Amino acid sequence: MTETEAKVRIDKLRKSIEHNSKLYYLYDAPEISDYEYDMMFRELQDLEKEFPQFYSPDSPTVRVGGKALEKFNKVTHDVRMGSLSDVFSFEETKDFIEKTDDVLGKECVFSVEPKIDGLSVSLLYENGSLSVGSTRGDGITGEDVTQNIKTIRSIPLTLPDKLPLLEVRGEVYMPKSSLEKLNNEREEQGQPLFANCRNAAAGSLRQLDSKITAKRNLDIFVFNIQRIEGKDFDSHTAGLDYLESQGFKVIREREKLSGKDNVLDKIQRLGEIRYSLPYDIDGVVIKADSISERKTIGENTSTPKWAVAYKFPPERKETRLNSISIQVGRTGVLTPVAELEPVKLAGSTVSRATLHNIDFIREKDIMVGDTVIVQKAGDIIPEIAAVNKDKRTGSELEFSFPTVCPSCGEPVFRDEEEAAIRCTNPSCPAQLLRSIEHFASRDAMNIDGMGPSVVKSLIEAGLISDVSDLYSLSAEQLMTLDGFAQKSADNLVSAIERSKHAGLAKLITALGIRNIGEKAAKSLAKYAEDIETLFTSSIEDLCTIDDFGQITAESVVNFFSHPQTRLVIDKLKNAGVETEYVITKADDALSGLTFVLTGTLPTMSRDEASKLIESHGGKTSSSVSKKTNYVVAGAEAGSKLTKAQDLGVTIIDEDGLLKLVNGESL
């Protein structure tokens, strides 16, 4: 294929893919099969790889993600991304509407729309092309997540109207179906689950590796115009209609309404359908539709007077408490769990709820057989809010906490400083299951494929009795278990082998020491440098570590004084697990120097150049000042280059940057 033919084909593929993406992601009306779409996408990727001279930042292929960043750059919002005042009852909502009507001297027309439970972002378009995507942050300063934003297929990379400037605000969210799929995958891999769609969306959008974001199937609803040049609108609704014409996804359940009864009825209707929607909403936004009337109504110090967010109360349901079971955690804590008559609550069926500890049961006066009122705390975790004592029949039974562990039969004791009741047996099977799950989790040794079902099978087969036994597993042994073939067994063995090099901080996290999380584990690793140090460290020694107090230090000393710990660590060391803290000396060729990047560099993206600078001890900034040491300018450099010239800041190109990195003179 000639260059000319390739260019024609690339352009055609890009247009076709963008057209079909809009049909699929914006209008739910696909015209071609997923397979046809995938084949076009793959052909475009191959052609762009073969003909890199036709690269375009607006190509649909950027949506698969680019190179990973070391950190996000900061973005200052030209228009503050503020928040709204919350109301929690119909009475408060009525009061807001009445005050607004009084100010205007007539009934205000409101735009009433669902409040999407996600992560607020800003999208900046210059001359019709997406240039910056950023998080809300504190409303004034956010993070540059442009690479990740581009992976969201419902966000247009270019607009039909090439306005000089358009900045919009939207809510990035994860569809419920995507969260279910993601959590299923994480459970299989032994990773912690996301509690809800909002947390999942926030965690996915803030990945330093945009390839991970691309796999998370995020979506967005755009709900406001922040800035615009070349157009003007007299109402919020007119602005949203325009955005929809430009390819933005705007929420369809919005409605223009006036009068208290109509607005409250809309809130009621949205509350009734909220759990049937494919995305999470946590309330309803009510805002004056007219732009001029907004100015008349005015602003508070930090929030507008012309809008509020009605927040849904947690849904509550009555059900029967059939029994109370005991769950044993990895640290030996016995947690009572309510086994409930299944009830539909907040969009899912609830059959279990945590009862925390014996004190909680006594405080709430909970008895087996009670009719209890269940809610989801923050629409996430099922909990018993109260007991309906009016429905007691006299047949209810008081719950007695067991005196022996239900997993191993060994005695339990109550920690005097906590409400927790613990199993005294360090070899308790239930603790073993939880501790190995934790050891293999992503935040610990990150053993991909070592999910709960695999751990359970290994224990039941007698292949492991502590975490160190993982490192003696063979593919042949794994293939004796259900669900394992040669490839999956080889993959797990390889993942276990890779985990040997996770480092001391990850190992300390993985050991599951009480009161020691990731941050404390890193501090402990830096202090010790070798795990052997922790066997001889005193409470006084450990209290010298920043943020380490008496309780934390005691937890470490108690853990490393246990004979079982000595046996496990020795087995881990013999298996080749790294137990020393490796201190890497960063190349400091650019130490103390501040760089500003502008324009397009010949062979590096700005992200790659920033990463290069920072990996050699330098700093990057988004603005030029007298403190700037160098401005690295590429093609089509703009105002930053002009300012650098005015201030007399040294201007270099990509070659100059590489010379500095290599310690050469300019």
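Exposure proxy check: GLU36, GLU398 ranked by fewest other beta carbons within 10 Å?
In order of increasing Cβ crowding within 10 Å: GLU398, GLU36.
Close amide H partners of TYR125, meaning residues 5 or more places away or on another chain with modelled amide H under 5 Å apart, are SER131, LEU166, GLU167, VAL168.
Loop-resident GluC sites (Glu not before Pro) (DSSP state other than H, G, I, E or B) in region 51-152 with no more than 12 further Cβ atoms inside 10 Å of their Cβ: GLU70. A simple spin-label model places the labels of VAL568 and ASP646 6.2 nm from each other, with each point 7 Å out along Cα-to-Cβ.
Exposure proxy for SER178, SER538: other Cβ atoms within 10 Å of each Cβ, ordered fewest to most, give SER538, SER178. Put a plus charge on the Cβ of each Lys and Arg, a minus charge on the Cβ of each Asp and Glu, and nothing anywhere else: the dipole of region 112-214 about its Cα centre is then about 120 debye. Each residue of region 215-220 is assigned a 3J(HN,Hα), and the resulting list reads 7, 8, 6, 6, 9, 8 Hz, derived from the Karplus form 6.51 cos²θ - 1.76 cosθ + 1.60 (θ = phi - 60°), x at Gly and Pro. Scanning residues 5 or more positions from PHE194 or on other chains, none has an amide H under 5 Å from its amide H, with H placed 1.01 Å from N in the peptide plane. Only beta bridges with both residues in the chain are counted; by DSSP, about 85 percent of them are antiparallel. A simple charge model with +1 on the Cβ of Lys and Arg, -1 on the Cβ of Asp and Glu and nothing else charged puts the dipole of region 85-311 at about 540 debye relative to its Cα centre. Label sites at LEU481 and ASP138, each approximated as a point 7 angstrom past Cα along Cα to Cβ, lie 4.7 nm apart. If you bin all the Cα-Cα distances of region 429-574 at 10 Å, starting from zero, the percentages per bin are 11, 41, 31, 14, 4, 0. Here r is the Cβ-Cβ distance between LYS391 and VAL582 and R0 is 51 Å; the resulting FRET efficiency, rounded to 0.05, is 0.25. Between amide H atoms placed 1.01 Å from N, distances below 5 Å from GLY259 occur with CYS108, all of them 5 or more places distant or on a separate chain.
With neighbours defined as other Cβ atoms within 10 Å of a residue's Cβ, the residues ASP466, ASP232, ASP530 order from fewest to most as ASP232, ASP530, ASP466. Note on the chain: semi-axes of the ellipsoid equivalent to its C-alpha gyration tensor, largest first and rounded to whole Å, are 46, 39, 26.
For the cross-link pairs LYS74/LYS526; LYS266/LYS311; LYS22/LYS71; LYS22/LYS176, which exceed 22 Å when the distance is taken from alpha carbon to alpha carbon? Over 22 Å Cα-Cα: LYS74/LYS526; LYS22/LYS71. Taking label positions 7 Å along the Cα-Cβ direction at both ILE291 and LEU193, the computed distance is 4.6 nm, reported to one decimal.
Rounded if a/c is under 1.5, else prolate if a/b beats b/c, else oblate: with a ≥ b ≥ c from the C-alpha gyration tensor eigenvalues square-rooted, which is region 594-661? Since a/c reaches 1.5 but b/c is at least a/b, the shape of region 594-661 is classed as oblate.
Quick note: the coordinates plus some simple rules give every number you see, no bench work behind them. All values derive from a computational prediction rather than experimental measurement. With ideal geometry, Cβ positions are generated from the backbone for all residues, glycine too; neighbour counts draw on all protein chains shown.
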